[in-house]
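In what follows, a single structure is set out as structure tokens and then discussed.
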Amino acid sequence: MALRPITVTQLNDYIARVFDSDTLLMNVAVTGEISNLKYHSSGHVYFSLNDENSKVNCFLPSSYVKNLSYELGDGLEITASGKVNVYRRGGYYSLFVRNIQVAGEGNLSMAFQLMKEKLEKEGLFDPAHKRPIPAFPHKIGILTSSTGAAVKDIVKIIRSKNELVDILIFPVQVQGEGAALNIAETLKFVNDNYDDIDTLIVGRGGGSQEDLWAFNEEVLARAIYNSRIPVISAVGHEIDFSISDFVADLRAETPTAAADIAVPDIGELVEKLNKFSDEMLIHLKNKLSLGELRTKKALNQLKSDLEMLLLSRSNEIEKLKLILEQNDPHRIMERGYTVIESEGRVIRTPEELKDGEYDIVFRSGKVRVKIENV
């Protein structure tokens with residue numbers, strides 16, 4: 001007996017019902033390599049998932065895109081979780097993706113590089129945006145796990161160097177699903193509610209690449225970039241680099257290194273101040289000694305100059321004295337010369353003589369004479 005024919009729509013509807021009733025297809029996880037990746041203007045993402053022999057079309061709705069922990073790219077091997085949908089009008093099925101996971105060192109490194117290139121193009125790593133870490137903070141905020149070794153190490157280092165700074169600890173989830181969002185939201189909360197915090201340390205201790213992945217997610221990178229408070233990123237060990245390191249104002253190789261960077265060492269400052277004080281005292285003493293030497297030299301030079309001036313003036317006075325003595329009329333009179341005066345006026349020529357009285361002045365006295373005829 002021949003089967004009764006059905007329409008195409010009825011066939012596709014039936015297949016859709018079969019798919020919807022299959023518990024495996026309603027919640028399936030498929031591993032493969034991404035190809036034909038396309039970001040639609042609507043925000044949805046379309047791509048194919050491939051293995052050596054086959055491929056399946058995938059659809060990632062925009063509502064799930066914002067929650068992605070990884071930047072997607074062709075060639076990236078992922079595990080996509082979701083349900084299988086039948087597109088009735090087109091007559092084909094696709095994987096409706098709810099979540100994506102990346103595993104394996106090579107795949108994680110590729111996802112890391114894809115995210116790094118994306119954010120770098122947007123300018124999130126621009127050095128011009130980075131702010132200096134305050135040299136003398138009054139209050140420091142720490143965003144890390146409250147139970148990990150990192151927070152204990154950070155507090156221990158800070159307290160050993162500086163007992164004046166206040167420390168506020170903001171416990172956050174540092175790995176696993178939702179960790180990046182939790183850190184980002186806490187970072188925003190601190191910025192919005194703590195105006196007196198000078199520096200933030202964001203990070204955690206060491207772990208595998210998967211353990212540290214929260215610090216490679218876009219949501220946290222943007223939160224660090226938008227932070228009003230300067231951020232020190234301290235994730236893992238010296239060899240570990242995260243997206244947070246690139247976008248933060250400063251990267252520390254480890255959490256303990258971040259603590260060392262964040263505060264000045266009071267003991268070292270006191271030692272430097274004492275050394276500076278001693279150097280200043282020595283410098284002042286040297287300046288005073290040099291000043292005394294210069295003053296003494298100047299005084300000696302002044303004394304020498306005055307002595308030379310006095311000697312010069314004394315010699316001049318002696319010369320003038322000799323000239324005066326040589327030209328003293330009394331000394332001339334000692335040689336037998338006399339002077340004729342009339343009422344105190346010296347008679348210099350015979351023509352000045354007239355009848356009358358005159359004084360003839362000698363060295364030892366004078367004689368009054370009268371001229372009756374010239």
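The values are calculated or read from the model by the stated rules, or taken from the named source; none is laboratory data. A quick note: this is a predicted structure, and the numbers were derived from the prediction, not measured. Note: ideal-geometry Cβ built from the backbone for every residue, glycine included; neighbour counts use all protein chains shown.
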Condition check for Glu105: without any contact (Cβ under 8 Å) to a residue 40 or more places away in the chain, surrounded by fewer than 17 Cβ atoms within 10 Å (Cβ to Cβ), acidic (Asp, Glu) and on the phi < 0 side of the Ramachandran plot: no
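For segment 125-140, enumerate the residues that are under 13 Å from Ala248 (Cβ atoms) and either assigned to a loop (DSSP other than H, G, I, E, B) or in contact with a Ser or Thr (Cβ under 6 Å, 6 or more places away or on another chain) (or both). Give the steps one after another, and end with the answer.
Of all residues in segment 125-140, those under 13 Å from Ala248 (Cβ atoms) come to 125-127, 129-133.
The answer is Phe125, Asp126, Lys130, Arg131, Pro132, Ile133.
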Could you please find all residues in segment 201-215 being modelled with pLDDT of 95 or more and in contact with a Ser or Thr (Cβ under 7 Å, 6 or more places away or on another chain)? Val202, Phe215
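In segment 69-92, which residues are closer than 22 Å to Glu210 by Cα, outside any loop (DSSP other than H, G, I, E, B) and among the aliphatic types (A, V, I, L, M)? Steps first, answer last, please.
Keep residues of segment 69-92 that are closer than 22 Å to Glu210 by Cα, which gives 69-82.
Going one step further and asking which of them are outside any loop (DSSP other than H, G, I, E, B), we end up with 77-82.
Residues satisfying the conditions are Ile78, Ala80.
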Restricting segment 315-373 to residues that are β-branched (Val, Ile, Thr) and touching a residue at least 24 places away in the same chain (Cβ under 8 Å), the one surrounded by the most Cβ atoms within 10 Å (Cβ to Cβ) turns out to be Val361
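Identify, please: which residue in segment 195-228 is touching a helix residue (DSSP H, G or I) at 6+ places or on another chain (Cβ under 6 Å) and aliphatic (A, V, I, L, M) and is, among those, surrounded by the fewest Cβ atoms within 10 Å (Cβ to Cβ)? Give the steps one after another, and end with the answer.
Initial filter on segment 195-228 (touching a helix residue (DSSP H, G or I) at 6+ places or on another chain (Cβ under 6 Å)): 199, 201, 203-205, 209, 214-217, 219-221, 223-225, 227-228.
Still in the list and also aliphatic (A, V, I, L, M): 201, 214, 219-221, 223-224.
On the way: Ile201: 27, Ala214: 27, Val219: 17, Leu220: 25, Ala221: 26, Ala223: 23, Ile224: 23.
Restricting to residues being touching a helix residue (DSSP H, G or I) at 6+ places or on another chain (Cβ under 6 Å) and aliphatic (A, V, I, L, M), the top hit is Val219.
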Examine segment 143-153 for a residue that is assigned by TED's automatic domain parsing to the domain that holds Ile243, farther than 20 Å from Asp245 by Cα, modelled with pLDDT of 95 or more and assigned to a helix (DSSP H, G or I), and state whether such a residue exists. no
Qualifying residue in segment 112-119 (condition: part of a loop (DSSP other than H, G, I, E, B), aliphatic (A, V, I, L, M) and under 43 Å from the mean Cα position of the chain (by Cα)): no
The conditions are (1) closer than 30 Å to Leu68 by Cβ; (2) surrounded by fewer than 20 Cβ atoms within 10 Å (Cβ to Cβ); (3) touching a residue at least 24 places away in the same chain (Cβ under 8 Å), and Asp265 fails exactly one of them. Which is it? (1)
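Would you check if there is a residue in segment 320-329 being under 26 Å from the mean Cα position of the chain (by Cα), in a helix (DSSP H, G or I) and not charged (D, E, K, R)? Spell out the reasoning first.
If we filter segment 320-329 for residues that are under 26 Å from the mean Cα position of the chain (by Cα), which is where we start, we get none.
Among the residues of segment 320-329, not one is under 26 Å from the mean Cα position of the chain (by Cα), in a helix (DSSP H, G or I) and not charged (D, E, K, R), which makes the answer no.
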